[in-house]
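Some notes on the structure that comes next.
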Amino acid sequence: MAKYVHEVASTELFFLRPSDTVGNAILGILSLGVSSAPIVDGERRPVGVVSLHDLVGQVGGATVGERMTSPALTVDENATIEAAGKELVERDVHRVVVTDADGRAVGVVSSLDLVRALLGLPAHHPDAFPHQDAAGLSWSELHELDVEHSEAAPDGPGLFVLVYDEKGRPSVPVWAEQSPNVRTRLHQIIAGPQDDQPWLQRILEHDGAALRFRAASVPDPYARAKALERAQAEVASASGLPASR
């Protein structure tokens, strides 16, 4: 029988940034069929929450940060099932963001998850939702950075993000790049040294074993450039590292 929140929580978590526009946030929420989303800072620490009702109202600013409710309601991943259940009851909510020891958002747990645990039933989460950002861009799941898994990348124009993803630690995006052929570019990165990209080479040498990638097909050059700007901002905010142009 599960005893702790991390045993039953879902790691599928759609989140927004305070600077995301209301329009893009509505698009993301509607496309995933959720009713609300946590707002996180550059280090993925929850700072608030926004619901669809907050976003479609006429009162408020143009960004998510101007419409969110703060602070965010959270529960530690190592909290007991009983403690988490008590928190949901006292707050009169059905879902709450799960955080790790550093306060970073790592998932979500619902009242139904907790009831299942108390009854000794296994956690049951729906299939992963499409990994879309607030602008509605669909990303692949995280894949290992090797030849076999790179075949899942788009065989055409798009962009990719390299993510430091070591077990037991929060995932951190460390490199973003666009390419006329994402799959071919990943093959190049896997095949050998990146002498023309010293920062990328340093990342590969230092963190190669823990790197994964997510990719998106973006045929339109303008949309691809805007998507790359967002991805680069995420890299800079989360890791402090430069991202390729």
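Considering (1) surrounded by 15 or more Cβ atoms within 10 Å (Cβ to Cβ); (2) touching a strand residue (DSSP E or B) at 6+ places or on another chain (Cβ under 7 Å); (3) among the charged types (D, E, K, R), say which one Lys3 fails and leave the rest. If we test Lys3 against (1) surrounded by 15 or more Cβ atoms within 10 Å (Cβ to Cβ); (2) touching a strand residue (DSSP E or B) at 6+ places or on another chain (Cβ under 7 Å); (3) among the charged types (D, E, K, R), just (1) comes out false. When region 94-110 is filtered for residues that are β-branched (Val, Ile, Thr) and open to solvent by less than 40 Å² (accessible area, probe 1.4 Å), the ones remaining, listed by number, are Val96, Val97, Val98, Thr99, Val108, Val109. Which of (1) at pLDDT 80 or above; (2) open to solvent by 60 Å² or more (accessible area, probe 1.4 Å) does Val59 not meet, given it meets every other one? Of the numbered conditions (1) at pLDDT 80 or above; (2) open to solvent by 60 Å² or more (accessible area, probe 1.4 Å), the odd one out for Val59 is (1). The single residue among Gly60, Gly85 that is more than 20 Å from Ala9 (Cβ to Cβ) and among the small types (Gly, Ala, Ser) turns out to be Gly60. Mind checking which residues of region 42-63 are under 23 Å from Ser237 (Cβ atoms) and free of Cβ contacts under 8 Å to residues at least 60 places away in the same chain? Within region 42-63, Pro46, Val47, Gly48, Val49, Val50, Leu55, Gly61, Ala62, Thr63 qualify. Contact map, region 182-193: residues that are under 14 Å from His143 (Cα atoms) paired with residues that are open to solvent by 60 Å² or more (accessible area, probe 1.4 Å) and part of a helix (DSSP H, G or I), Cβ distance under 8 Å, separation 6+ or inter-chain. Pairs shown: His187/Val147; Ile190/Val147. Selection of region 169-209 for residues being among the hydroxyl-bearing types (Ser, Thr, Tyr) and touching a helix residue (DSSP H, G or I) at 6+ places or on another chain (Cβ under 6 Å) yields only Ser179. Going through (1) open to solvent by less than 60 Å² (accessible area, probe 1.4 Å); (2) touching a helix residue (DSSP H, G or I) at 6+ places or on another chain (Cβ under 9 Å); (3) without any contact (Cβ under 8 Å) to a residue 40 or more places away in the chain one by one, Glu77 falls short only on (3).
The values are calculated or read from the model by the stated rules, or taken from the named source; none is laboratory data. Quick caveat, the model's predicted, so the values are computed rather than measured. Using ideal geometry, Cβ is built from the backbone for each residue, glycine included, and neighbour counts are taken over all protein chains shown. Remember, those area values only see protein heavy atoms, side chains included, never the ligands or the DNA or RNA. Shrake-Rupley method; radii C 1.70, N 1.55, O 1.52, S 1.80 Å.
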